[in-house]
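The values are calculated or read from the model by the stated rules, or taken from the named source; none is laboratory data. None of the values given here were measured: they were computed from a predicted structure. Ideal geometry is used to build each Cβ from the backbone, glycine not excepted, and the neighbour counts take in all protein chains shown. For the accessible areas, the whole protein counts, side chains as well, though only heavy atoms, and no ligand, DNA or RNA atoms are used. Shrake-Rupley method; radii C 1.70, N 1.55, O 1.52, S 1.80 Å.
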Amino acid sequence: MIMQLCAGERTGEEEGPQPGAPPHGQHRDITPATSIECGDQISEKTSTQIKMENDKDSGPRLTKKYLRDLCKRQKLYMTPYLNDTLYLHYKGFMRVENLEEYTGLKCLWLESNGLQKIENLDAQTELRCLFLHQNLINKIENLEHLQKLDSLNLSNNCIRTIENLSCLQVLSTLQIAHNRLQSVDDVQHLQECLSISVLDLSHNKLDDPAVIDVLEKMPNLVCTEK
């Protein structure tokens, strides 16, 4: 441990000079990577911040080995791209990762995990159904590669704004109940989602009557719950 003492301070009994030590009466200027001067407060990250950053990657990881073992247990194909369905729900995953080889997926179950972000689904271009409900997602993003996606469930998350869905040309069912939508601005993007026919907006805080005006501009909407 490297310690820096203020001038005039002494700790313990005085010892003789050690090898490599400066002559008596001189002080070596020690400037460690994290410098703590007498009377200065620590400006580096607190232990709480470090713990929070570490917690983001804690918990079960969706590794390639886990996926291979899962396919074996569920009697799926051991060749990743031959599988058209993966059941990854109720596992406690914090991130979506290592799905690059599963290019043939048409249905992906990721409900009831600890996911905070929609990510790493670029290779799932054949996907029709994506189940992301009961997670911790706060933003709709990174779905532009899923051009065959027909059904998307984002219920029971932390989403405040509907966005980035108009790129999904064949999306017909959107479930986004039990989120944090409040104003007409939060759902304004829906009028650009021309293919949606089934929509669930229930159990949000959408009290503005103008929301109805947005729904009326959705040409294919036949079933909605608000």
Can we say ASN83 is among the polar types (S, T, N, Q), closer than 22 Å to HIS178 by Cβ and modelled with pLDDT of 95 or more? no
Within segment 169-226, which residues are closer than 23 Å to CYS129 by Cβ, open to solvent by 20 Å² or more (accessible area, probe 1.4 Å) and among the small types (Gly, Ala, Ser)? SER172, SER195, SER197
Inside segment 73-99, the number of residues satisfying the requirement of being in a loop (DSSP other than H, G, I, E, B) and more than 21 Å from ILE118 (Cβ to Cβ) is 6
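A quick yes/no check of all residues on (1) within 26 Å of GLU126 (Cα to Cα); (2) assigned to a helix (DSSP H, G or I):
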position	(1), (2)
LEU168	yes, no
ALA177	yes, no
LEU181	no, no
ASP186	no, yes
GLN191	yes, yes
LEU199	yes, no
HIS203	no, no
ASP207	no, no
ASN220	yes, no
Name the residues in segment 145-165 that are open to solvent by less than 40 Å² (accessible area, probe 1.4 Å) and assigned to a loop (DSSP other than H, G, I, E, B), would you? LEU146, LEU149, LEU154, SER155, ASN157, CYS158, ILE159, ILE162, LEU165
